[in-house]
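The structure appears below as C-alpha cells.
The values are calculated or read from the model by the stated rules, or taken from the named source; none is laboratory data. Quick caveat: nothing in here was measured; it's all calculated off a predicted structure. Cβ placement follows ideal geometry from the backbone for every residue including glycine, while neighbour counts extend to all protein chains displayed.
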Amino acid sequence: MNDPERSRSVFAERYDRCRPSYPAQLFDLLTATVGEGARVLEIGCGTGQASVPLAARGFALTALEPEEEFAEIARRRLAGYLSVRVVVEAFEDWRLPPVGFDLVVAAASFHRLDPELRMVKAADALRPRAALAVVSTHHVAGGSGEFFGRVQQCYERFAPGAGPGQRLPVADEIPQDPKEFHRSARFSPPEFHCYEWEARYTSEQYRDLLMTYSGHRAIPAHVREELLDCIGRRIDDDHGGVIAKRYLTQLALAQRLG
C-alpha cells in the first residue's frame, strides 16, 4: 500500500538533494540593496535553497513554506541561525505583521501564488521604498549541448510529448517581462539581473533531478524507468558518466512605491 506521507517525505528529501541553489552574486546584490541585518520575508522557501544563503548574510529571515515536509528540512538546514524562523503556511493565508519588511524574496515560487493577490500582498508586506525580489531559474542552451540534443531520442522512443520537444533557448532569448509590476501600480519599474551558470551531474544525480519535475513524475512508472535508463545510458556511454547543465537565474528587483 502506498503511504502518501512517506511519498511526500521522500520527494522532499530528493528535492533538497537535487535542486540547485542560486548564484552567490544574487545574494551579494540583495545584501548591497537592503543592508546586513535587514528584515526579510521569503515566500515559498522549499527546503531552503535560497534561505540558507539569505540567513548566512545576516538577515532576520521569516521563511514561509506551505508543505510541512519541505519546511521540516528547511528548519533542519537553518537550525544554526538564531534570527531565522520557518512558518508552515501559505503566503496567501498568512497574516502580515504590523511592521513591514525591508525585503520580500520569492525564489522559484512567485509563479505558483494567486495572481490576483501576489503583487498586492507583497507590497503590503513591505515598508515604503523597500524591495521585492522575484527570482526564476531557466533551462538554457549550453553545457553538454550534444547530450541535450541527442537525449530527445529517448523521449521520442519512450515518452513522446514528455520532453521539451524543441531546442533549449539561449540565455538572451529568455524574456524580461515587467508588465505585472507595472499593472500592479505598487512598484517601481523592475531592474533585471541575469546570472548564467552550470551544474554537473552524474547519471544517477541527473535521474534523481528529473524525478523532481512534475512532467516526469506524471509518466507511468514502467515507462518512466525505461526513459530514465535510456537517459542514464547516454550519460554513461557517451559522456563519461557526467554532464554539465546550464541554467539562467533571473532576478527582477523593484521598490515598493509610497
Identify, please: which residue in segment 204-250 is over 16 Å from ARG150 (Cα atoms) and among the aromatic types (Phe, Trp, Tyr) and is, among those, modelled with the highest pLDDT?
TYR247
Give the residues of segment 154-182 that are without any contact (Cβ under 8 Å) to a residue 12 or more places away in the chain and not acidic (Asp, Glu), sorted by residue number.
PRO160, GLY161, GLN166, PRO175, LYS179, HIS182
Taking the condition among the charged types (D, E, K, R) and free of Cβ contacts under 8 Å to residues at least 40 places away in the same chain, does ASP208 pass?
no
Mind checking which pairs have a first residue in segment 47-75 that is more than 21 Å from ARG95 (Cβ to Cβ) and in contact (Cβ under 8 Å) with a residue 24 or more places away in the chain and a second that is surrounded by fewer than 20 Cβ atoms within 10 Å (Cβ to Cβ) and polar (S, T, N, Q), Cβ under 6 Å, 6 or more apart or different chains?
GLN49/SER21; ARG57/THR31; GLU69/SER9
For segment 1-45, give me each residue that is at pLDDT 95 or above, outside any helix (DSSP H, G or I) and in contact with a strand residue (DSSP E or B) (Cβ under 6 Å, 6 or more places away or on another chain).
TYR22, PRO23, ALA38, ARG39, VAL40, LEU41, GLU42, ILE43, CYS45
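Just to be sure I understand, how many residues within segment 215-227 are of a type in the set (A, V, I, L, M, F, W, C) and under 9 Å from PHE158 (Cβ atoms)?
Summing the residues that are of a type in the set (A, V, I, L, M, F, W, C) and under 9 Å from PHE158 (Cβ atoms) in segment 215-227 gives 3.
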Filter segment 54-68 down to the residues that are buried (at least 20 other Cβ atoms within 10 Å of the Cβ) and in contact with a helix residue (DSSP H, G or I) (Cβ under 6 Å, 6 or more places away or on another chain), then identify the one that is farthest from ARG6 (Cα to Cα).
LEU61
Among the candidates ALA108, ALA125, residue that is touching a Phe, Trp or Tyr at 6+ places or on another chain (Cβ under 6 Å) and either in contact (Cβ under 8 Å) with a residue 40 or more places away in the chain or basic (Lys, Arg) (or both):
ALA125
Quick one: count up the residues across segment 103-129 that are surrounded by fewer than 21 Cβ atoms within 10 Å (Cβ to Cβ) and over 13 Å from the mean Cα position of the chain (by Cα).
11
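For segment 181-258, please list each of the helices (runs of 4 or more DSSP H) lying entirely inside it that holds at least 2 residues being more than 24 Å from the chain's Cα centre (by Cα) and aliphatic (A, V, I, L, M).
Counting at least 2 such residues, we get 221-233.
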Quick check on GLU146: is it surrounded by fewer than 18 Cβ atoms within 10 Å (Cβ to Cβ), under 23 Å from HIS239 (Cα atoms) and touching a Gly at 6+ places or on another chain (Cβ under 9 Å)?
no
Output the residues belonging to segment 80-102 that are surrounded by fewer than 21 Cβ atoms within 10 Å (Cβ to Cβ), of a type in the set (Val, Ile, Thr) and in contact with a helix residue (DSSP H, G or I) (Cβ under 7 Å, 6 or more places away or on another chain).
VAL88
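Quick grid of which residues meet (1) more than 26 Å from VAL120 (Cβ to Cβ); (2) in contact with a Ser or Thr (Cβ under 6 Å, 6 or more places away or on another chain):
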| site | (1), (2) |
| --- | --- |
| CYS18 | yes, yes |
| GLN25 | yes, no |
| THR31 | yes, no |
| GLU36 | yes, no |
| ALA50 | no, no |
| LEU54 | no, no |
| PHE59 | no, no |
| GLU67 | no, no |
